[in-house]
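The values are calculated or read from the model by the stated rules, or taken from the named source; none is laboratory data. Predicted model, so just to flag it, every value in this text is computed and none were measured. For neighbour counting, all protein chains shown are included, and Cβ atoms are generated from backbone atoms with ideal geometry for every residue, glycine included. Just so you know, the surface numbers come from the protein's heavy atoms only, side chains and all, with ligands and any DNA or RNA stripped out. Shrake-Rupley method; radii C 1.70, N 1.55, O 1.52, S 1.80 Å.
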Amino acid sequence: RKEVEQDPGPFNVPEGATVAFNCTYSNSASQSFFWYRQDCRKEPKLLMSVYSSGNEDGRFTAQLNRASQYISLLIRDSKLSDSATYLCAVNRKSSGYALNFGKGTSLLVTP
Amino acid sequence: GAGVSQSPRYKVAKRGQDVALRCDPISGHVSLFWYQQALGQGPEFLTYFQNEAQLDKSGLPSDRFFAERPEGSVSTLKIQRTQQEDSAVYLCASSPGLDEQYFGPGTRLTVT
């Protein structure tokens, strides 16, 4: 079993829709959680860190559920420019700050 | 400010050749990471430096892979006797030492 798992999608949604992605992780000792966005043939870019109490940044909301070992990302009022792959990342047990990534979830927002 | 830079951006190597990939982290960032990303996959951890110390190299897939960061700034990932399965994008990330990592554009390696 991979340490971080995501539904690969693709998620096809119309503009203005709300879409949610989940990610599960296996290491209960993990302390740091992130969502990255990756456009085609580009590097991952940090979208947001995920805090225990949940956090929001504009149209994006991230939640952490430690008991069930999953994190989520909610995108409200989807824009065409939100089309990308969303990568969930969790810190590795053995390497402090190094990250384990999921395979990514592909989102396509259509007009 | 300047982000993480990597060179070359693209590299084509014949099987059996050695390659060297360079990473210039964000100035002042203590931590540096190398990841390998195959097509359709998330980045996979290779190795981690804190300043010049290589604290974890458990992700390096074989002893053909070697990384260094001799002065605690620029880092080089070297792959000896490249194989076709080494074809991937090699990503470098740096961090000020806390959690958030910032990625460079990557080097796309194709082994023919």
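Some values worked out for this structure:
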{"quantity": "Identity of the residue in region A:64-89, of a type in the set (A, V, I, L, M, F, W, C) and more than 11 Å from chain B (Cβ to nearest Cβ), that ends up nearest to the chain's Cα centre (by Cα)", "calculated": "A:Leu73"}
{"quantity": "Every residue from region A:90-111 that is open to solvent by 40 Å² or more (accessible area, probe 1.4 Å), assigned to a strand (DSSP E or B) and more than 13 Å from chain B (Cβ to nearest Cβ)", "calculated": "A:Leu108, A:Thr110"}
{"quantity": "Residue identified as in contact with a Phe, Trp or Tyr (Cβ under 7 Å, 6 or more places away or on another chain), open to solvent by 40 Å² or more (accessible area, probe 1.4 Å) and more than 11 Å from chain A (Cβ to nearest Cβ) among B:Lys78, B:Lys14", "calculated": "B:Lys78"}
{"quantity": "Count of region B:59-72 residues which are modelled with pLDDT under 95 and buried (at least 17 other Cβ atoms within 10 Å of the Cβ)", "calculated": "1"}
{"quantity": "Residue that is surrounded by the most Cβ atoms within 10 Å (Cβ to Cβ), among those in region B:48-58 that are free of Cβ contacts under 8 Å to residues at least 24 places away in the same chain and not acidic (Asp, Glu)", "calculated": "B:Tyr48"}
{"quantity": "Near pairs, Cβ below 6 angstrom, 6+ apart or cross-chain, from region A:28-55 (within 10 Å of chain B (Cβ to nearest Cβ) and open to solvent by less than 10 Å² (accessible area, probe 1.4 Å)) to any residue that is in a loop (DSSP other than H, G, I, E, B) and modelled with pLDDT of 95 or more", "calculated": "A:Tyr36/A:Pro44"}
{"quantity": "2 or more residues within 25 Å of A:Val50 (Cβ to Cβ): qualifying strands (runs of 3 or more DSSP E) within chain B", "calculated": "B:31-37, B:44-50, B:53-56, B:88-95"}
{"quantity": "Where a residue in region B:84-112 is within 30 Å of B:Arg15 (Cβ to Cβ) and away from chain A (no Cβ under 13 Å) and its partner, wherever it lies, is in a strand (DSSP E or B) and among the charged types (D, E, K, R), with Cβ under 6 Å and at least six apart", "calculated": "B:Leu109/B:Lys11"}
{"quantity": "Which listed residue is without any contact (Cβ under 8 Å) to a residue 12 or more places away in the chain and farther than 28 Å from A:Thr105 by Cα, from B:Asp63, B:Asp18", "calculated": "B:Asp63"}
